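Participant: Have a look at this one before I ask anything.
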Amino acid sequence: MENKNLIDLEVMTPQQIDKIIKKAQKIMKNPSDYRHSCDSKILATLFYEPSTRTQMSFQTAMLKLGGRTIGFDNPMNSSVSKGESLKDTITIIGGYADIIAIRHPIEGSATAASLYAGVPVINCGDGGHLHPTQTLTDIVTLSCEKGKLDNLKIGVCGDLLNGRTVHSLIKTLAKYKNNSFVLISTKELSIPLYIIDILEKNNCKYEFSDNLAESIGGLDVLYMTRIQRERFASEAEYEAQKNVFVLDKEKLAAAKDDMIILHPLPRNNEITVDIDDDPRALYFKQAQYGMYGRMALILLLLQDDEFFIDNRETTVSEHKCSNPKCITQQEDYLPNLSYEKKGMVMCDFCDKRMD
C-alpha cells in the first residue's frame, strides 16, 4: 500500500530521500519562487511535548510557502486536558487542516494518528522512538556540507537508548553504501538491539565505544546528543549519566579538519560554548537547513501526486503489544497491527517484538 504520511524514513527509498534534498536545495537557491506555493493551505502543529526548533521550523516553513498554521503547543490548553482520545483529536483536526505535524511523548502515536487523520501526517517525534524530520534536517545538512550521504564514518554520542534522533539517523544512513558507525555511550544508554539489527541487515560496519576522546580521530561526522532528563525514571539515574560525554576544545583537537559536528539541539553541557565558533560546528546552521527540508517535504506531500511512501505489509495480531511505552497501552481502541521481521511478530506502532 502507499500513503502520504511521513512516519519513518526507513520505509523511504534513497531516491525519495534524494528528491526531498533536491527540492530543498532548489528552495534555498530561489526562495521567492515558492512564497505562494501553499496559498490557502493549512498546517496543524499538534505538539503534546515541548519544542522550539521543530515546531517553529514547521510553522515558519508553512508561512514561507504562503500557507497558514493552527494547533497547540500544550495539550493542557486543548480538549486533551478533558480526556479526549488521540483518535478524536486527530479526526477533528484532520477536518480543519490540509496536513498535520505531530509530536507526542508516547511511542507509535504518529502511526496511530495517521489511521484517523484523513490528511498527511508528519511524525515530529514519538517518545524515544523516532524523529524522521530531524533526520531530514541532518541529511540535508550532510548533503550540502559533505556533498554525499555515503562513504562516511559517523560517530553518534550520548543517549543512544532513548535518542529518537539517533535511531532515525542510523536507520536512514544505513541505506547508503559504505557508511560505518561508532556508537559512543555508556553501557546503560547503549543503542537498542533493533537498530543493531538494521545495521547488520545493511552490512554496515559498527563499533561500540565508551570514550569520546579515543574515538573522535577518524570520524567524518560527530553527532552529539543530550542526555534526556525526561526519559529517566529518577533524578538520580539522570545525574549519574548527564556529564559523562562532553565535547570540548581538548577533545576536538584530535578530530580531522573536515569533520563536522551536528546536534539536534537543545544542548545542555555536552558541547562547550567555546566550540561554537569553530568552523566544524554546524548545529546552528543545521537548524536552518531543517526549515528548507520541511518546506520541501510539505510541498511534496501536498502537491506531488507521484510522491507516495510505501507502507509495510501489516496484519491484525491476536496479541496486544506489551511495550509499556507503546501508544496501544494508552489508547485501547487501536487495532493490534503487526508486521513480520525475521520470523518475529513486531508491533507496527512502536517496532517492538510482540510475541
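Participant: Mean Kyte-Doolittle of at least -0.5 plus a Cα span of 15 Å or more along the axis: flag which DSSP H helices in the chain meet both, please.
Facilitator: Numbers: long enough: 14-29 (22 Å, -0.84); 53-64 (16 Å, -0.45); 86-96 (16 Å, 0.58); 132-146 (20 Å, -0.05); 283-303 (30 Å, 0.48).
Correct list, ordered by number: 53-64, 86-96, 132-146, 283-303.
Participant: Let me ask you something else. Under 16 Å from the Cα of LYS22, which lysines turn up, not counting those fewer than eight places away in the same chain?
Facilitator: Candidates past the 8-residue exclusion: LYS146, LYS148.
Participant: Right, here's the next one. Got the relative contact order for the chain handy, in percent, Cα pairs under 8 Å and 6 or more residues apart?
Facilitator: Numbers: 696 pairs, mean separation 68.2, N = 355.
Relative contact order, the chain: 19 percent.
Participant: Let me ask you something else. What's the FRET efficiency of THR315 with MET56 using the Cβ-Cβ distance as r and R₀ = 35 Å, to the nearest 0.05?
Facilitator: Details: r = 39 Å, r/R0 = 1.12.
My answer for the efficiency is 0.35.
Participant: In Å², what does the accessible area per residue of the chain work out to with a 1.4 Å probe? Don't jump to the answer; show the numbers that get you there.
Facilitator: On the way: 15680 Å² over 355 residues.
Per-residue value: 44 Å².
Participant: Further, regarding this structure: With a point put 7 Å past each Cα toward its Cβ, work out how far GLU214 is from ARG267 in nm, to one decimal.
Facilitator: In this crude label model, GLU214 to ARG267 measures out at 2.4 nm.
Participant: Now for a different question. Under a point spin-label approximation (7 Å from Cα along Cα-to-Cβ), what is the GLU200-GLU250 distance to one decimal in nm?
Facilitator: 3.8 nm
Participant: Provide the percentage of antiparallel DSSP beta bridges, counting only those with both residues in the chain; round to the nearest 5. Write down the numbers at each step before the final one.
Facilitator: Numbers: 9 of 44 bridges.
Percentage antiparallel, nearest 5: 20.
Participant: Taking all protein chains as present, what is the carbon and sulfur share of the accessible area of the range 102-235, in % to the nearest whole number, probe 1.4 Å?
Facilitator: Details: 1950 of 4320 Å².
Within the range 102-235, the accessible surface is 45 percent carbon and sulfur.
Participant: For the chain, with the dipole built from +1 on Lys and Arg beta-carbon atoms and -1 on Asp and Glu ones, taken about the Cα centre, which of SER209, ILE191, GLN55 lies farthest toward the positive end?
Facilitator: Positive-end residue among those listed: GLN55.
Participant: Still on this model: Measuring from label point to label point, each 7 Å out along Cα→Cβ, what is the ASP88 to LYS187 span in nm?
Facilitator: 4.8 nm
The values are calculated or read from the model by the stated rules, or taken from the named source; none is laboratory data. Because the structure is a prediction, the values reported are computed rather than measured. For neighbour counting, all protein chains shown are included, and Cβ atoms are generated from backbone atoms with ideal geometry for every residue, glycine included. Surface areas here come from the heavy atoms of the whole protein model, side chains and all, with no ligands, DNA or RNA. Shrake-Rupley method; radii C 1.70, N 1.55, O 1.52, S 1.80 Å.
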